[in-house]
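Engineer: Got a structure for you, written out below as structure tokens; questions coming shortly.
The values are calculated or read from the model by the stated rules, or taken from the named source; none is laboratory data. Remember, it's a predicted structure, so these values are computed and weren't measured experimentally. Methodologically, a virtual Cβ is constructed for each residue, glycine included, from the backbone with ideal geometry; neighbour enumeration extends over all protein chains shown. These area figures cover heavy atoms from the full protein model, side chains too; ligands, DNA and RNA do not enter into them. Shrake-Rupley method; radii C 1.70, N 1.55, O 1.52, S 1.80 Å.
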Amino acid sequence: MGKSLIIVESPAKVKTIKKFLGPGYMVEASVGHIRDLPTKDLGVDEAHDFAPHYQIIEGKEKVVQSLRNAASKADVVYLAPDPDREGEAIAWHVAELLKGTNKNLKRIQFNEITSKAVHEALAHPRELNEHLFDAQQARRVLDRLVGYRISPLLWNKIKRGISAGRVQSVALRLIAEREEAREAFVPEEYWVLRVTLSGATPPPFKAELFKVAGKKPVVPNAEAADALEREIRSAPFVVKAVEEKERKRQPMPPFITSTLQQAANQRLGYSSKRTMNIAQRLYEGLDLADRGTTALITYMRTDSVRLADEAVSAAAAFIENAYGKAYMAPGGKGRVFKGKAGAQDAHEAIRPVDVTLTPDQVKPFLTPEQYQLYRLIWSRFVASQMAPAAFHDTTVTVENGSVLWRAKGERLLFPGFLVVLPRSKEEEVAALPPLATGETLTLDALSKEQKFTQPAPRFTEASLVRELEEQGIGRPSTYAAIISTLQDREYVKLEDKHFVPTDLGRVVCDHLRTHFKTLMDVGFTAHMEEQLDNVAEGKQDWVALLRQFCNDFYPTLAEAQKAMSQVKGGLDAHLPCPECGKPLMVKFGKSGQFLACSGYPACTFTSDYVRDDKGQIHIQARTKPELEKVGVCPRCGSDLVLRKSRTGSRFIACSGYPKCDYSAPYSTNVPCPRPDCGGVLVEKSSKRGKVFYSCSNYPKCDYALWDWPVQEPCPKCGFPLLVRKFSTARGNYLACPEKNCRYTRSLDADSQTADDDQQASLLDS
């Protein structure tokens, strides 16, 4: 009997799967997609049923040849990319490229990378699902048509290099319209009154204004607040009613993709992209020493809360053993959660593969962020299968003349699932002292606070993901890419963890909203997702779907090409130039947006700017930075100074600029670790302002790091350098940047100082 070949997506899975199988199996990776539409032309034959012209992705030729070589030695080829539409598409493209080498091709899939799941998949192979592939292909062609046809129009009218996307543009609309609503919002004044009361038994408690003369209280100004205060102080406080009842709080269902992204953003501060990257590693498997490479979670792209029966049974056994029968779900058999309408039920919810592998057990083998995310997933899953928490709630109503006050308190009777998923301090409610109906209370304090109504808050990553999900825009697997694209295109920026549209984003959104009403309609985008789901289920023909879309899209595009206004010269800032009085314009440059005089070249005034809460532009006052001298210019003899680029990285420049334009990157003086490179690592920054360290020989050498390099070989694996890292849990520490080496070392106060001295000394060298 010959060998069998298993082809997965990621090289990280190869090692995990190999340990489950004997010598009769070869395992290779496609390293993601191997074929796609071309990058330099449309690649879709619109005249012939939108036939796509696929080609091998540049740089993947060696991967394809390796797969063909392996397939030629195998009796059967098992295609095992991820169990979703993208995975089905990868399997389809691999099959197309291998069918000339080996015709015995089977599709297998597994929701978790365990020995049982892999062997079960091998025992039940299936044919490729043409409908799933058609759904992915339809989405890819649809997005290509939109992007390829609209983007050049935006280049011509607004700024070269920007893009439009079928889904990303609608997400941009949500952010832009939220900002427009905030700018149009007119705040209204109101006053909040609170009292602190004491009864016969301590402690004192706080009460909120509940009703005035039997109605919801409205206190619009200081005069009304003062009048109400006089009335309050003139009457006694008497307990009118005490209501007591027991309440049970049920646990939340296990995570799906969107809720995991929301929770990771709210609790850990992780972006959606970062969350999915960490989850991918947990799914593919990590080295757990004596256990070897072990997968920790099930597949992380899902919108189903369904759980396998064996997972529920394993959780019940674990809970009984670790916490006792009282903490098990009612009936002791676990919980079944109902998913939302339209949810794809192909995969389970996100859960730990082995519930007995607690976060504390695996912590020594994980990076801090891997540990935090695994703990979040593990805790949510275990909590979902536990008993509810029980509370004793007390609501007290206090009569004060024509005014009623209300206070609420709670007492925890039984923690239930809260033992593994505790509440935050903000969620906790203090208990009230014993109070009796008719009891007279003492007024300890009365506070009045002026407030103003607030507009709807800007979107955070968590709230944007929730909005996209609720509106039916995109799918869980696309949220991270949508958000990243909006930031990469500089359509939105993060301010205090909230999304703000840039002026470029506003202009793009306004132009698309004006000229592509259907495409930018939230309801239309959601309906298109439903139709793509129908294609995946075999209920809709993908070519007919594209024809239907293009019947409206092409005429709209033709009209937009005639009617769309030109803003390449800039937007009117509605401000005069402080130097010549001519109108200032908002310009879109390579390094971002700025103000420039419309009188250029006669007037060369430029400035950064800010917008206030009403969207009005203000010139940002220029502050002359203090320049740090670091040497002598080799070209003219003037001082060399340390400067910062617009995106945040440091560089060395001549103080005689513009007469002398000498500049050099800020060097770490740490040699590039690649053999025979000869470069050094220098400081750079990305378009989004994240500093990194790359080889000075770029583009010949593309080695780069996100963390400050330290010229010290790793004592564990011998890698030529270490990197300096920081986490709130560990403080400053050194780590090996090699993926398969987990060497770390804490930096005590002495070594911290030495490391700081090393960085400072670079300025002198």
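Engineer: Taking the condition surrounded by 13 or more Cβ atoms within 10 Å (Cβ to Cβ) and either part of a loop (DSSP other than H, G, I, E, B) or without any contact (Cβ under 8 Å) to a residue 12 or more places away in the chain (or both), does Gly581 pass?
Structural biologist: no
Engineer: Ala315 - would you say it is open to solvent by 10 Å² or more (accessible area, probe 1.4 Å), modelled with pLDDT of 90 or more and not in a loop (DSSP other than H, G, I, E, B)? Step through it out loud before you land on a result.
Structural biologist: Values: open to solvent by 10 Å² or more (accessible area, probe 1.4 Å): no; modelled with pLDDT of 90 or more: yes; not in a loop (DSSP other than H, G, I, E, B): yes.
Judged against the criteria, Ala315 is not a match.
Engineer: Follow-up. Test each condition in (1) of a type in the set (A, V, I, L, M); (2) outside any helix (DSSP H, G or I); (3) under 27 Å from the mean Cα position of the chain (by Cα) for Leu142 and report the one that comes out false.
Structural biologist: Result: Leu142 fails condition (2) only.
Engineer: Right, here's the next one. Name the residues in region 152-161 that are open to solvent by 10 Å² or more (accessible area, probe 1.4 Å) and closer than 28 Å to Gln616 by Cβ, would you?
Structural biologist: Lys157, Lys159
Engineer: Quick check on Tyr323: is it within 20 Å of Gln385 (Cβ to Cβ) and open to solvent by 10 Å² or more (accessible area, probe 1.4 Å)?
Structural biologist: When the stated conditions are applied, Tyr323 passes them.
Engineer: While we're here: May I ask you to verify whether Ala456 is modelled with pLDDT of 90 or more, assigned to a helix (DSSP H, G or I) and either open to solvent by less than 60 Å² (accessible area, probe 1.4 Å) or within 14 Å of Ala171 (Cα to Cα) (or both)?
Structural biologist: It is false that Ala456 is modelled with pLDDT of 90 or more, assigned to a helix (DSSP H, G or I) and either open to solvent by less than 60 Å² (accessible area, probe 1.4 Å) or within 14 Å of Ala171 (Cα to Cα) (or both).
Engineer: Continuing with this model, one more query. Being more than 17 Å from Ala138 (Cβ to Cβ), in contact with a helix residue (DSSP H, G or I) (Cβ under 8 Å, 6 or more places away or on another chain) and not β-branched (Val, Ile, Thr) narrows it down to one of Leu42, Leu37, Leu21, so name that one.
Structural biologist: Testing whether each residue is more than 17 Å from Ala138 (Cβ to Cβ), in contact with a helix residue (DSSP H, G or I) (Cβ under 8 Å, 6 or more places away or on another chain) and not β-branched (Val, Ile, Thr) leaves just Leu21.
Engineer: Does region 354-371 hold any residues that are over 25 Å from the mean Cα position of the chain (by Cα) and farther than 19 Å from Glu112 by Cα, and which are they?
Structural biologist: Asp360, Gln361, Pro364
Engineer: So is Leu404 surrounded by 19 or more Cβ atoms within 10 Å (Cβ to Cβ), more than 22 Å from Glu112 (Cβ to Cβ) and at pLDDT 95 or above or not?
Structural biologist: Yes: the conditions hold for Leu404.
Engineer: Give me the residue from region 173-211 that is in contact with a helix residue (DSSP H, G or I) (Cβ under 7 Å, 6 or more places away or on another chain) and in a strand (DSSP E or B) and, out of that set, most open to solvent (accessible area, probe 1.4 Å).
Structural biologist: Within region 173-211, the match that is most open to solvent (accessible area, probe 1.4 Å) is Trp191.
Engineer: Find the strands (runs of 3 or more DSSP E) located wholly in region 584-674 whose residues include 2 or more that are over 30 Å from Ala573 (Cβ atoms) and of a type in the set (Gly, Ala, Ser), and list them. Walk me through it before giving the result.
Structural biologist: Values: elements: 592-597, 609-611, 617-619, 628-632, 639-644, 650-654, 663-665, 667-671.
Here the list reads 663-665.
Engineer: Restricting region 272-308 to residues that are open to solvent by less than 20 Å² (accessible area, probe 1.4 Å), of a type in the set (Gly, Ala, Ser) and part of a helix (DSSP H, G or I), which is nearest to Tyr743 (Cα to Cα)?
Structural biologist: Ala279
Engineer: Filter region 464-502 down to the residues that are hydroxyl-bearing (Ser, Thr, Tyr) and in contact with a Phe, Trp or Tyr (Cβ under 9 Å, 6 or more places away or on another chain), then identify the one that is most open to solvent (accessible area, probe 1.4 Å). It would help to see each step written out before you state the result.
Structural biologist: The initial filter retains those residues of region 464-502 that are hydroxyl-bearing (Ser, Thr, Tyr), namely 477-479, 484-485, 491, 502.
Cutting the leftovers down to in contact with a Phe, Trp or Tyr (Cβ under 9 Å, 6 or more places away or on another chain) gives us 485, 502.
On the way: Thr485: 36, Thr502: 15 Å².
By that ranking, first place goes to Thr485.
Engineer: If His347 passes every condition in (1) open to solvent by less than 70 Å² (accessible area, probe 1.4 Å); (2) in a helix (DSSP H, G or I); (3) not small (Gly, Ala, Ser) but one, which one does it miss?
Structural biologist: If we test His347 against (1) open to solvent by less than 70 Å² (accessible area, probe 1.4 Å); (2) in a helix (DSSP H, G or I); (3) not small (Gly, Ala, Ser), just (2) comes out false.
Engineer: State which residue pairs qualify: first residue closer than 14 Å to Asn129 by Cβ and inside region 527-548, second residue charged (D, E, K, R) and part of a helix (DSSP H, G or I) in any location, beta carbons under 8 Å apart, and separation of 6 or more residues or different chains.
Structural biologist: Val535/Asp134; Ala536/Arg85; Ala536/Asp134; Trp542/Asp134
Engineer: Follow-up question, since we're still on this one. Consider region 527-545. How many of its residues are of a type in the set (Gly, Ala, Ser) and over 19 Å from Glu46 (Cα atoms)?
Structural biologist: Applying the first criterion (of a type in the set (Gly, Ala, Ser)) to region 527-545 yields 536, 538, 544.
Now drop any that are not over 19 Å from Glu46 (Cα atoms), which leaves 536, 538.
The qualifying residues number 2.
Engineer: Please find, among Gln593, Gln620, the residue that is open to solvent by 70 Å² or more (accessible area, probe 1.4 Å) and within 30 Å of Phe185 (Cα to Cα).
Structural biologist: When all the criteria are applied, what remains is Gln620.
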